[in-house]
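*Asks:* First the structure, then my questions, so here it is.
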Amino acid sequence: MDQAVVMDSAAGLAKRLQVFTRVVTTKAAIAQTPKELVWALNKAKLYRYTPVLPTEKRYRIPLLLIFAIMNRPSILDLRPGHSFVEFMVGQGYDVYLLDWGVPGLEDKNLKLDDYAIEYLPRAIRKMKAIAGVEEFSMLGWCIGAILTTIYAALRSEEGLRNLLLLTAPLDFSNRAGLTFARWTDEKYFDVDKVIEAFGNMPGEMIDYGAKALKPVENYIGNYCKLWDNLDDPRVVESWHAMNTWVTDNVPMAGGAYRQLIVELYRKNRLMKNELMVRGERVDLGKIRANLLTVIAEGDHITPPCQSESIMAKVGSEDKELYRIPGGHIGIMAGSAAPRTTWPHIEGWLSARSR
Amino acid sequence: MSETRNNHTETSDPFEPFRAIRDKYLDAMAKSMVETVNSESYAQASGAMLEGYLTATAPLREAMDKSMAQALVQLSLPSRQEVAALAERFTHVEMRLDDMDAKLDRIEKLLGRDPPAPLPKAGKVREGSAVEKGVNPRSEPAGEGSRLGARGRFVRKRGGAKERS
């Protein structure tokens with residue numbers, strides 16, 4: 001082989017390895033949309049994103065974003081030019097984000113109850129005081145959708161006008177279709193022993209659980225995709241931002257994790273209207289807010305069967321089920337999201353936010 | 001553009017010729033692994049591994065906790081549990097403050113104060129900035145309603161434009 005070709009190949013390989021190592025081992029700048037901290041309680045923080053449109057061009061009804069308690073909410077504001085938050089602020093919404101923070105040992109007894117009807121109503125009260133309105137919209141994604149659903153059922157008279165549920169794991173009746181349900185079955189998984197040992201459910205274990213659903217794609221294919229696209233800065237930048245988010249694991253409060261496994265995964269109490277939250281029964285029929293449920297058709301973490309059945313249970317008159325191709329995170333953070341999911345959400349909300 | 005990129009990739013990636021074989025292998029492996037992790041036996045095996053780990057490390061954890069507790073007592077230092085209990089109490093105090101904040105909001109509303117003024121436009125407040133950290137919040141553009149004090153907690157805005165005049 002020609003020596004020049006060999007040298008060229010070696011130089012190319014060295015350059016690729018350099019870029020690959022940098023992207024895999026460093027953190028990208030994510031969550032860059034300007035915001036202000038307006039309320040805090042324990043680890044929870046409520047942010048208000050700085051509006052970019054004048055008051056008269058903005059929607060009156062503020063939008064509150066609630067993400068899962070075991071991941072960073074920065075996925076909603078991934079990177080400039082590719083951020084749901086930035087998009088909604090640009091459309092004239094008054095956007096708030098509730099960041100649950102990272103639970104410490106002192107938070108190991110926090111339950112879904114605490115998040116849904118202790119922290120959330122307090123943050124909402126503050127948001128309403130700041131916005132100067134009594135009504136608001138709320139978007140819950142993943143476990144955040146469980147919390148917003150509980151809130152919407154128990155506090156239906158507190159001004160919630162629009163409820164948006166994204167890839168919401170609410171119905172656990174189809175156990176055969178849920179890999180998580182199989183793994184956490186009481187025959188094999190002693191949740192009390194795990195919580196006793198760790199206090200909170202370690203973020204690494206939750207991350208492993210999510211990745212092990214598709215191990216080859218997550219542990220090998222993902223890196224192959226980066227390697228194959230090292231020449232494309234757009235793909236590299238996107239991969240870097242997503243990897244930064246994915247590898248930033250957050251533990252889940254022990255009490256909430258136990259409740260998720262026992263009361264939801266094993267007993268499906270929420271969908272049966274049997275879930276008790278601080279002595280109150282969560283009756284989904286009491287949800288009156290306008291409802292948009294977004295389902296990711298290729299979601300292996302929250303399969304569509306977990307989100308469909310709520311439509312028949314709620315008391316809302318105005319409700320829509322929106323299906324979209326994509327995965328659990330991809331529908332909001334993937335490259336197609338700005339052309340598909342975001343405009344649909346914005347269009348639905350727009351008609352209901354004046 | 002894609003052609004250029006492909007050409008470039010061909011010259012710089014020595015593994016390019018093996019990509020098709022690799023992808024075929026990974027596809028087959030992915031299907032097989034998904035079947036495996038969805039099986040009852042995988043659930044049983046992973047449960048047994050976790051159980052084994054927890055059982056094996058329990059005596060070690062217990063011994064460490066005991067010796068650490070003794071050492072901390074000797075050094076007159078609080079234990080992790082004591083610090084956690086203190087943090088819980090702080091949270092309760094925060095909740096009481098939040099309750100008071102809510103009451104003040106209601107009182108202000110009953111007194112018929114003007115609604116909050118609109119936000120100043122496009123303040124470049126980012127995570128980690130002075131306002132985010134609650135450092136000297138008055139020097140930065142900020143929203144209406146409550147303001148953050150030095151500890152980033154419920155310091156209410158007093159004396160809006162109308163009150164000052």
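*Asks:* Looking at A:Met201, is it closer than 19 Å to A:Pro169 by Cβ and within 13 Å of another protein chain (Cβ to nearest Cβ)?
*Replies:* Considered against the rule, which asks whether it is closer than 19 Å to A:Pro169 by Cβ and within 13 Å of another protein chain (Cβ to nearest Cβ), A:Met201 comes out as yes.
Okay, residues lined up against (1) touching an Asp or Glu at 6+ places or on another chain (Cβ under 9 Å); (2) part of a helix (DSSP H, G or I):
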residue: A:Asn109; (1), (2): yes, no
residue: A:Ile124; (1), (2): yes, yes
residue: A:Lys128; (1), (2): yes, yes
residue: A:Ile146; (1), (2): no, yes
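*Asks:* Failed condition for A:Phe180, given (1) modelled with pLDDT of 95 or more; (2) out of contact with any helix residue (DSSP H, G or I) (no Cβ under 6 Å at 6 or more places or on another chain), with all others met?
*Replies:* The number of the failed condition is (1).
*Asks:* Quick check on my filter: what residues within the range A:105-123 are in contact (Cβ under 8 Å) with a residue 40 or more places away in the chain and more than 9 Å from chain B (Cβ to nearest Cβ)?
*Replies:* A:Leu110, A:Lys111, A:Leu112, A:Asp113, A:Asp114, A:Tyr115, A:Ala116, A:Ile117, A:Tyr119, A:Leu120, A:Ala123
*Asks:* Tell me, which residue of the range B:88-119 that is more than 8 Å from every other protein chain (Cβ to nearest Cβ) and in contact with a helix residue (DSSP H, G or I) (Cβ under 7 Å, 6 or more places away or on another chain) is modelled with the highest pLDDT?
*Replies:* Once the filter is applied, the top-ranked residue is B:Asp114.
*Asks:* Taking the range A:224-237 on its own, how many of its residues are within 14 Å of chain B (Cβ to nearest Cβ), in a helix (DSSP H, G or I) and not aliphatic (A, V, I, L, M)?
*Replies:* Looking only at that region, the number is 6.
Table: residues versus (1) at pLDDT 95 or above; (2) small (Gly, Ala, Ser); (3) crowded, with 19+ Cβ neighbours inside 10 Å; (4) farther than 21 Å from A:Met332 by Cα.
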{"residue": "A:Ile30", "(1), (2), (3), (4)": "yes, no, yes, no"}
{"residue": "A:Ala40", "(1), (2), (3), (4)": "yes, yes, yes, yes"}
{"residue": "A:Tyr49", "(1), (2), (3), (4)": "yes, no, yes, no"}
{"residue": "A:Glu56", "(1), (2), (3), (4)": "no, no, no, yes"}
{"residue": "A:Glu86", "(1), (2), (3), (4)": "yes, no, yes, no"}
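Here is a yes/no grid of residues against (1) facing another protein chain (nearest Cβ under 10 Å); (2) in a loop (DSSP other than H, G, I, E, B); (3) touching a residue at least 60 places away in the same chain (Cβ under 8 Å); (4) more than 22 Å from the chain's Cα centre (by Cα):
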residue: A:Met205; (1), (2), (3), (4): yes, no, no, no
residue: A:Gly209; (1), (2), (3), (4): yes, no, no, no
residue: A:Glu217; (1), (2), (3), (4): yes, no, no, no
residue: A:Asn222; (1), (2), (3), (4): no, no, no, no
residue: A:Trp239; (1), (2), (3), (4): no, no, yes, no
residue: A:Ala256; (1), (2), (3), (4): no, no, yes, no
residue: A:Gln259; (1), (2), (3), (4): no, no, yes, no
residue: A:Met271; (1), (2), (3), (4): no, yes, yes, no
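*Asks:* Still on this structure: Based on what the data block shows, is B:Pro78 within 8 Å of another protein chain (Cβ to nearest Cβ), more than 30 Å from A:Glu186 (Cβ to Cβ) and not in a helix (DSSP H, G or I)?
*Replies:* Answer is no for this residue.
*Asks:* If you don't mind, another one. Within the range A:182-203, track down each residue that is of a type in the set (Phe, Trp, Tyr) and either within 19 Å of B:Ala45 (Cα to Cα) or not in a helix (DSSP H, G or I) (or both). Write out each step before concluding.
*Replies:* First pass over the range A:182-203, keeping only residues of a type in the set (Phe, Trp, Tyr): A:183, A:188-189, A:198.
A:Trp183, A:Tyr188, A:Phe189, listed by residue number.
*Asks:* Could you count how many residues in the range A:1-45 are in contact (Cβ under 8 Å) with a residue 24 or more places away in the chain and either within 30 Å of A:Asp114 (Cβ to Cβ) or assigned to a helix (DSSP H, G or I) (or both)?
*Replies:* The number of residues fulfilling the criteria is 16.
*Asks:* Checking the structure you have, find out if any residue of the range A:68-78 is over 18 Å from A:Lys126 (Cα atoms), more than 14 Å from the chain's Cα centre (by Cα) and within 11 Å of chain B (Cβ to nearest Cβ). I'd like the intermediate steps shown before the answer.
*Replies:* First pass over the range A:68-78, keeping only residues over 18 Å from A:Lys126 (Cα atoms): A:68-78.
Filter again for more than 14 Å from the chain's Cα centre (by Cα), leaving none.
No, there is no match, as no residue in the range A:68-78 is over 18 Å from A:Lys126 (Cα atoms), more than 14 Å from the chain's Cα centre (by Cα) and within 11 Å of chain B (Cβ to nearest Cβ).
*Asks:* So, in the range A:94-104, of the ones that are in contact with a helix residue (DSSP H, G or I) (Cβ under 8 Å, 6 or more places away or on another chain) and within 13 Å of another protein chain (Cβ to nearest Cβ), which residue ends up farthest from A:Arg48 (Cα to Cα)?
*Replies:* A:Gly104
*Asks:* Additional query: For residues that are buried (at least 24 other Cβ atoms within 10 Å of the Cβ) and either of a type in the set (Phe, Trp, Tyr) or under 19 Å from A:Gly279 (Cβ atoms) (or both), tally how many sit in the range A:151-171.
*Replies:* 3
*Asks:* Being touching a residue at least 12 places away in the same chain (Cβ under 8 Å) and under 24 Å from A:Met332 (Cα atoms) narrows it down to one residue among A:Pro233, A:Pro251; which is it?
*Replies:* Result: A:Pro251 is the single residue among A:Pro233, A:Pro251 that is touching a residue at least 12 places away in the same chain (Cβ under 8 Å) and under 24 Å from A:Met332 (Cα atoms).
*Asks:* Here's another thing I want to ask about it. Cβ-Cβ distance below 9 Å, separation of 6 or more or different chains: which pairs start in the range A:284-299 with a residue that is on the phi < 0 side of the Ramachandran plot and part of a helix (DSSP H, G or I) and end on one that is modelled with pLDDT of 95 or more and of a type in the set (D, E, K, R)?
*Replies:* That search, which allows pairs on different chains as well, returns A:Leu284/A:Lys313; A:Gly285/A:Lys313.
*Asks:* Which is under 24 Å from A:Ala44 (Cβ atoms), surrounded by 12 or more Cβ atoms within 10 Å (Cβ to Cβ) and either within 8 Å of another protein chain (Cβ to nearest Cβ) or modelled with pLDDT of 95 or more (or both), of B:Ala85, B:Ala43, B:Ala58, B:Ala122?
*Replies:* Working: B:Ala43 fails: under 24 Å from A:Ala44 (Cβ atoms); B:Ala58 fails: under 24 Å from A:Ala44 (Cβ atoms); B:Ala122 fails: under 24 Å from A:Ala44 (Cβ atoms).
Sole residue among the options that is under 24 Å from A:Ala44 (Cβ atoms), surrounded by 12 or more Cβ atoms within 10 Å (Cβ to Cβ) and either within 8 Å of another protein chain (Cβ to nearest Cβ) or modelled with pLDDT of 95 or more (or both): B:Ala85.
*Asks:* It is to be established whether one or more residues within the range A:331-342 are touching an Asp or Glu at 6+ places or on another chain (Cβ under 9 Å), among the β-branched types (Val, Ile, Thr), under 23 Å from A:Ser83 (Cβ atoms) and in contact (Cβ under 8 Å) with a residue 40 or more places away in the chain.
*Replies:* yes
*Asks:* Conditions first: (1) in a loop (DSSP other than H, G, I, E, B); (2) over 30 Å from A:Asp190 (Cα atoms); (3) small (Gly, Ala, Ser). A:Gly327 passes all but one, so which condition is the exception?
*Replies:* It fails just one condition, (2).
*Asks:* Okay, moving on. Could you look through the range A:331-354, keep only residues that are part of a helix (DSSP H, G or I) and among the β-branched types (Val, Ile, Thr), and pick out the one that is nearest to A:Gly90 (Cα to Cα)?
*Replies:* A:Ile345
The values are calculated or read from the model by the stated rules, or taken from the named source; none is laboratory data. Bear in mind that the values here come from a model prediction, so they are computed numbers and not experimental data. No Cβ is skipped: glycine too gets one built from the backbone with ideal geometry, and neighbour counts run over all protein chains shown.
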